[in-house]
Amino acid sequence: MARKITMYSAQWGDLDFDVFAKKMSDFGYDGLELKCTLDRPNDHFNVRVALDDETYCERKHAKLAELNLGVWALSAHSYGQLILDELDVRHRGMVPEYIWGDGDPAGVRERAIEEMKLTAHAAKKFGVSVVNGFTGSSIWKYFYSFPPVPPAWIDDGFKLLADCWIPILDEFQKCGVKFALEVHPTEIAFDLWSARRTLEALEFHPAFGFNFDPSHLLWQGVNPVKFLRAFPDRIFHVHVKDVLRNRDDDEAGILGSHLNFGDYRRGWDFRSPGHGEVDFEAILRHLNVINYQGPLSVEWEDSGMNREYGAQDALQFVRRLDFSPSDVAFDASFIRKA
């Protein structure tokens, strides 16, 4: 099937766009998934500049064409997170001052919602039909129901999702752009069941689907292939990232133990593709079943591996695995025609 293999730019944000793009082109990638930025004109994709500067998208496309790279998705994770979250000091560094303002939660949410709507327009102008991102969650902190959580509190969390996000998704729909939520801890949808409820709360909005990342499912004990089977028409984008559970460590559980990523004492950690537990062959076979033809975007997050080595190794791994389904039944020759 030869899907396009891209590199997600968030983990390379220290590099200027031209440097990052040239590096990925030299490595052999087909394209990039660009992280949206809001206040750095020379960064990977600036939403406001794209909308205000008539030549910005044209210049960006010219550079991509020069390097034989494409872009099929943008990423709007950081300010998406602020839309539903209960805000604290951690969120301030995720967005520029014009979104944070005085930090009043209602104002921050309003400005983050507006920025997400503008992102749909910027994506349309750039010629990209998928924006990946986060929604945040006002109820994530209740994932373990003790003290017991009143069901009405959870209901209120999904009502807030609908109130905030349906107008955003309506704007995406007008632009012909889809929003793909990365199912992930701290989001309103973090496993298969919460993803189902999210779709229901959003009234199965046609502009809403998922950025499928198996690494976030596996460490929780969720079967990634079952997720694909559950939502075959809602898989708008795919991240390729691996994870490894530390099965030999009986001191750490799956909740992270308040230890940072990369700490050997953790019960699990992310790995470069092919160096963990994710059964990518099973996933790619099922992507063939559901006829997913979008990009496979490497999200490189491996604290124990050199970044440039990991990027090249991941590309080789994904390229080797991305086979097309058979176009002939292996036992067809045994069937006698009447």
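The values are calculated or read from the model by the stated rules, or taken from the named source; none is laboratory data. A quick note: this is a predicted structure, and the numbers were derived from the prediction, not measured. Counting neighbours? That spans all protein chains shown, and the Cβs are built from the backbone with ideal geometry, glycine included. All accessible areas refer to the heavy atoms of the entire protein, side chains included, with ligands and DNA or RNA removed. Shrake-Rupley method; radii C 1.70, N 1.55, O 1.52, S 1.80 Å.
Show log10 I(q)/I(0) for the range 91-232 at q = 0.14, 0.15, 0.19 Å⁻¹, two decimals, from a solvent-free Debye sum over equal Cα scatterers. Results for the range 91-232 at q = 0.14, 0.15, 0.19 Å⁻¹ read -0.72, -0.83, -1.26.
Rounded to the nearest 20 debye, the dipole magnitude of the chain is 1060 debye, with +1 charges on Lys and Arg beta carbons, -1 on Asp and Glu beta carbons, and the Cα centre as origin.
Rg ratio for the chain: its Cα radius of gyration over 2.2 N^0.38 Å, N being its residue count, equals 1.02.
Averaged per residue, the chain has 48 square angstrom of accessible surface, using a 1.4 angstrom probe with ligands and nucleic acids left out. Quick check: at a probe of 1.4 Å, how many percent of the accessible area of the range 194-240 sits on carbon and sulfur atoms? Answer for the range 194-240 is 49 percent, counting heavy atoms of protein chains only. Could you give the distance between the Cα centres of the range 240-262 and the range 7-34, to the whole Å? A separation of 28 Å, based on Cα centres. Can you send over the carbon and sulfur percentage of the accessible area for the range 29-85, probe radius 1.4 Å, protein chains only? So the carbon and sulfur contribution to the accessible surface is 46 percent.
Loop-resident GluC sites (Glu not before Pro) (DSSP state other than H, G, I, E or B) in the range 132-223 with no more than 14 further Cβ atoms inside 10 Å of their Cβ: 203. When the C-alpha to C-alpha distance is required to be over 30 Å, the pairs from 63/117; 22/141; 4/117; 4/174 that qualify are 22/141. Here residue 317 sits with roughly 40 square angstrom of accessible surface, probe radius 1.4 Å.
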